[in-house]
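What follows draws every value from the coordinates through simple rules; no lab data is involved. Source: prediction; values computed, not measured. All Cβ positions, even for glycine, are placed from backbone atoms using ideal geometry, and neighbour counts span all protein chains on display.
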Amino acid sequence: MKNILMIGACALAVTACSGQKTDAPKVEIPTVTETAEAPAATGMTLTQATAGDWRTDSQKARHVWRNPVETLEFFGIENSDTVVEISPGGGWYTNVLAPYLASGGGKLIAAHFDPAAFPEDRREGIQKRVDDFAAVYAADPDLFGTVEISAFSKMSGPLTEAGTADAVLTFRNVHNWMGGDYTAKAFEDAYAALKPGGIMGVVEHRLPSNAEQDPRGASGYVHEDFVKAIAISAGFEFAESS
């Protein structure tokens with residue numbers, strides 16, 4: 001089974017395979033086969049997770065553009081999953097994912113800033129940002145569960161224990177990785193973290209196909225084909241985009 005990449009206009013999905021990477025993996029959309037009816041889900045729905053009173057009005061105001069319920073449903077995220085969020089920033093999606101996963105016995109790993117990747121005079125400040133982020137979720141474990149903190153950078157180690165994640169997600173970060181010249185590492189790290197058949201979901205501003213791609217991603221817009229190519233090189237198989 002392949003690990004699937006899902007992309008979108010935000011969203012794109014790719015799957016990780018269980019074997020060795022090949023130079024030219026076949027790109028195909030997986031077929032869905034009929035299975036026995038699954039037991040009813042327990043815990044929060046995504047709609048409840050986005051509407052919670054722990055999220056601010058300003059966060060909710062962006063639903064009209066970010067479509068969090070539709071995006072996470074597109075990626076197939078269940079509340080029992082183990083999910084890695086790469087580069088969570090201020091936690092806009094973390095505030096949805098953490099309570100949603102905690103409610104169903106799932107687990108969230110936030111791969112945040114890596115202080116070791118910054119100049120020495122900035123490391124203390126970066127570490128404080130990570131600590132402040134972690135403190136928000138540690139303050140209410142009944143709601144957020146235990147959000148694990150790992151690191152992601154050009155020089156970081158594994159996102160989490162290899163082969164343990166159901167999904168790796170990232171929201172509007174590919175252009176930043178391009179600027180730092182570690183885009184390929186991000187997809188390789190994600191591939192290593194995923195179980196066979198796991199999903200990598202990527203949200204990014206889509207650059208029109210007739211526009212020239214800045215290799216540093218300075219505009220914040222990225223060609224979908226560029227993302228697909230890097231993902232496939234890391235071993236993924238493209239699933240679909242939205």
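In this label model, residue 124 and residue 60 are separated by 4.0 nm, measuring between points 7 Å along each Cα→Cβ vector. A P(r) calculated from all alpha carbon pairs of segment 156-242, with 5 Å bins opening at zero, reads 3, 14, 27, 26, 18, 9, 4, 1 percent.
Expressed per residue, the C-alpha convex hull volume of segment 99-229 stands at 120 Å³.
Across all Cα atoms of segment 56-138, the radius of gyration (one decimal) and Dmax (whole number) stand at 14.4, 41 Å.
Once you list every other residue whose beta carbon is under 13 Å from the beta carbon of residue 101, what net charge do they have if Lys and Arg are +1 and Asp and Glu are -1?
With Lys, Arg at +1 and Asp, Glu at -1, the net is -4.
Rounded, prolate or oblate: pick one for segment 123-198, where a ≥ b ≥ c are the square roots of the eigenvalues of its C-alpha gyration tensor, a/c under 1.5 means rounded, and failing that, prolate if a/b is larger than b/c, else oblate. Note, shape of segment 123-198 comes out oblate.
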